[in-house]
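Novice: Structure incoming, see below.
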Amino acid sequence: MPGGPTLPTLCCFLLWVFTIFHKGQGDPASHPGPHYLLPPIHEVIHSHRGATATLPCVLGTTPPSYKVRWSKVEPGELRETLILVTNGLHARGYGPLGGRARMRRGHRLDASLVIAGVRLEDEGRYRCELINGIEDESVALTLSLEGVVFPYQPSRGRYQFNYYEAKQACEEQDGRLATYSQLYQAWTEGLDWCNAGWLLEGSVRYPVLTARAPCGGRGRPGIRSYGPRDRMRDRYDAFCFTSALAGQVFFVPGRLTLSEAHAACRRRGAVVAKVGHLYAAWKFSGLDQCDGGWLADGSVRFPIITPRPRCGGLPDPGVRSFGFPRPQQAAYGTYCYAEN
């Protein structure tokens, strides 16, 4: 008909009406299918060593048939470690963590994971995965431990560890290799260290609060990075992480050799403290002692909460070190560690 809308114009009009109608009604095709897992309110769960931690995972509704699979994402290793699988009625644990893990089961939609006796190695990222064969989905949470980072090198000097030796050295001192986020947190709390050290992810870094020429130049303070290094060939120090203690650290005065220090602690039902023990006691128990004492690795150190004259000479709190004296040198007391 003359003057009427052309066919292309009419088609565009009808498409516009269709689009407006579906926007108003809520086009089912524009939304994904049903999601069974509710997003967590808090994605980071804070805890400490020895505590019981709960990682929340809750279903909004249950599919007819399903399983929930809990796993731990291992940093730097591109793999996940299976912890527990449940079908809502029965659960089975796997691996070393499975023996300390159970389902909370606070209600019929609760798939939360409970970890008893939290250990240093438990810190990290976890995945709760719903498997129903059609629309698998998952939520991720991070278990974060309150702790302290300390730099560590052996008696033979700096830059002696490859990655695996650094990892073992931290474990021998009641710790584990620190993560980048732990090192960053320690830097914000005052850690300033000029020697590069391995981190758990396989990178090598060091924290600088006061920029200076020997520590990467006079630029801005921050975390200096050497990037990922060859884990077998390259050698650096280690940055270790430890958390709250189950026992206590105490000082025994005297002028002792290292062997006499071991005997003094044994007489008191204790052992010579490790470096991680001393740092944890300084951090969490407020241990402040202006006396050098032997530690299990043969080093002599002392913890300072309140800096003062003739007590290490530094203006900030910390654990001071006399290095590694000769074991036969009878000049120091000892720090002992006893389980509660």
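The values are calculated or read from the model by the stated rules, or taken from the named source; none is laboratory data. Note that this is a predicted model, so its numbers are computed, not measured. Here the Cβ positions follow ideal geometry from the backbone for every residue, glycine too, while neighbour counts run over all protein chains shown. The protein model used for the area step is the full one, side chains on, heavy atoms only, and it has no ligands, DNA or RNA in it. Shrake-Rupley method; radii C 1.70, N 1.55, O 1.52, S 1.80 Å.
Novice: Taking all protein chains together and a probe of 1.4 Å, list Glu137, Glu80, Glu172 from the most accessible to the least accessible.
Specialist: Glu172, Glu80, Glu137
Novice: Ok, one more. Suppose all protein chains stay in the model; what accessible area per residue would a 1.4 Å probe give for the chain, in Å²?
Specialist: Spelled out: the 1.4 Å probe surface of the chain, per residue, equals 54 Å².
Novice: In the chain, what is the count of Lys pairs whose alpha carbons are under 26 Å apart, counting only pairs at least 8 residues apart or on separate chains?
Specialist: Lysine pairs satisfying the spacing and distance rule in the chain number 4.
Novice: Hey, how much of the P(r) for segment 244-339 falls beyond 18 Å, as a percent of Cα pairs?
Specialist: For segment 244-339, the fraction of Cα-Cα distances above 18 Å is 39 percent.
Novice: Where Rh is the Kirkwood radius over the Cα pairs of segment 55-95, the temperature 37 °C and the viscosity 0.692 mPa s, what D in µm²/s does Stokes-Einstein return?
Specialist: Stokes-Einstein gives a translational diffusion coefficient of 279 µm²/s.
Novice: Taking K and R as +1 and D and E as -1, what net charge do the other residues with C-beta under 15 Å from the C-beta of His46 add up to?
Specialist: Once positives and negatives cancel, what remains is -2.
Novice: I would also like to ask the following. For the chain, how big is Rg over Rh, using alpha carbon atoms and the Kirkwood form of Rh?
Specialist: 1.18
Novice: In the full protein assembly as shown, how much of Asp174 is accessible to a 1.4 Å probe, in Å² to the nearest 10?
Specialist: We get 30 Å² for Asp174.
Novice: Just the Kirkwood number for segment 159-275, please: inverse of mean 1/r across all distinct Cα pairs, in Å, one decimal.
Specialist: 16.0
Novice: Now a separate question. Sort Val204, Val44 from largest to smallest accessible area, using a 1.4 Å probe on the heavy atoms of the protein chains.
Specialist: If we order Val204, Val44 from most to least accessible, we get Val44, Val204.
Novice: I want to check the label-to-label distance for Ile223 and Thr62. Put each point 7 Å from Cα in the C-beta direction and report it in nm to one decimal.
Specialist: Modelled inter-label distance: 4.2 nm.
Novice: Still on this structure: Give me the number: length gained by fully extending Arg105 to Val271, i.e. 0.36 nm times residue separation minus the C-alpha to C-alpha distance, one decimal in nm.
Specialist: 55.7 nm
Novice: Compute the signed sum of charges (Lys and Arg +1, Asp and Glu -1) over the other residues within less than 14 Å, Cβ to Cβ, of Gly318.
Specialist: Surrounding charge for Gly318 is 0.
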